[in-house]
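Input: a single structure, listed below in structure tokens.
The values are calculated or read from the model by the stated rules, or taken from the named source; none is laboratory data. Small disclaimer: the values here were computed from a predicted structure and weren't measured. A quick note on method: Cβ atoms are made from the backbone with ideal geometry, for glycine too, and the neighbour counts reach across all protein chains shown.
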């Protein structure tokens, strides 16, 4: 069972925080190869430099996240997550991303295929765009839980088996509006039976 949650809010100007990740220096210093590079990302500083390089490559392509997503067959939110090193690039998708954004280096393309260190800076909530999402979810929290329970039972909506999209629409007064859709798998709570422990 899949539970869909859509958020539609008035648009605001996003503020982006650049992170950095220095993969090239890491490879040069260690003499790593494609097969010897660790399967996970470790350094927060290195992650920050990677993100900065990815965003520069995106800017050089003059393409939007939507355009890159269409070329890669991914959702726009997943592509944005890739560029902020918050999601893993699958090997079969790597050639498509390279074609869509040619300035991404082969080393950075390889780095994106590692297990990412999914994290966020505590100060991110100080950004008004991000805080509005936090505010909306907490404000509607009890109501959303009640609706999920009523429709699906006792459980939660997965944030792992989830598809996220962000779209822009026009409101009835001609204003720009933002539509955020969270499409997450329903995960029921299980009864803790002694025989299964």
Check on residue 76, surrounded by 18 or more Cβ atoms within 10 Å (Cβ to Cβ), over 16 Å from the mean Cα position of the chain (by Cα) and outside the structural domain of residue 163 (by TED's automatic domain parsing) = no
Determine whether the stretch 119-134 contains at least one residue that is more than 30 Å from residue 46 (Cβ to Cβ), under 23 Å from the mean Cα position of the chain (by Cα), in contact (Cβ under 8 Å) with a residue 24 or more places away in the chain and not assigned by TED's automatic domain parsing to the domain that holds residue 70.
-> yes
In the stretch 143-158, how many residues are touching a residue at least 24 places away in the same chain (Cβ under 8 Å) and part of a helix (DSSP H, G or I)?
-> 4
Can you run down the residue pairs with Cβ atoms below 7 Å, 6 or more apart or on separate chains, where the first is in the stretch 162-176 and assigned to a loop (DSSP other than H, G, I, E, B) and the partner is modelled with pLDDT under 95?
-> 175/10
Being free of Cβ contacts under 8 Å to residues at least 40 places away in the same chain and either surrounded by 19 or more Cβ atoms within 10 Å (Cβ to Cβ) or touching a strand residue (DSSP E or B) at 6+ places or on another chain (Cβ under 7 Å) (or both) narrows 137, 104, 68 down to just 68
Boolean, residue 87 is surrounded by 13 or more Cβ atoms within 10 Å (Cβ to Cβ) and under 21 Å from residue 47 (Cβ atoms) = yes
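For the structure I just gave you, tell me whether residue 150 is more than 30 Å from residue 82 (Cβ to Cβ), in contact with a strand residue (DSSP E or B) (Cβ under 9 Å, 6 or more places away or on another chain) and not assigned by TED's automatic domain parsing to the domain that holds residue 64.
On the way: more than 30 Å from residue 82 (Cβ to Cβ): yes; in contact with a strand residue (DSSP E or B) (Cβ under 9 Å, 6 or more places away or on another chain): no; not assigned by TED's automatic domain parsing to the domain that holds residue 64: yes.
Here the answer is no, as residue 150 does not meet what is asked.
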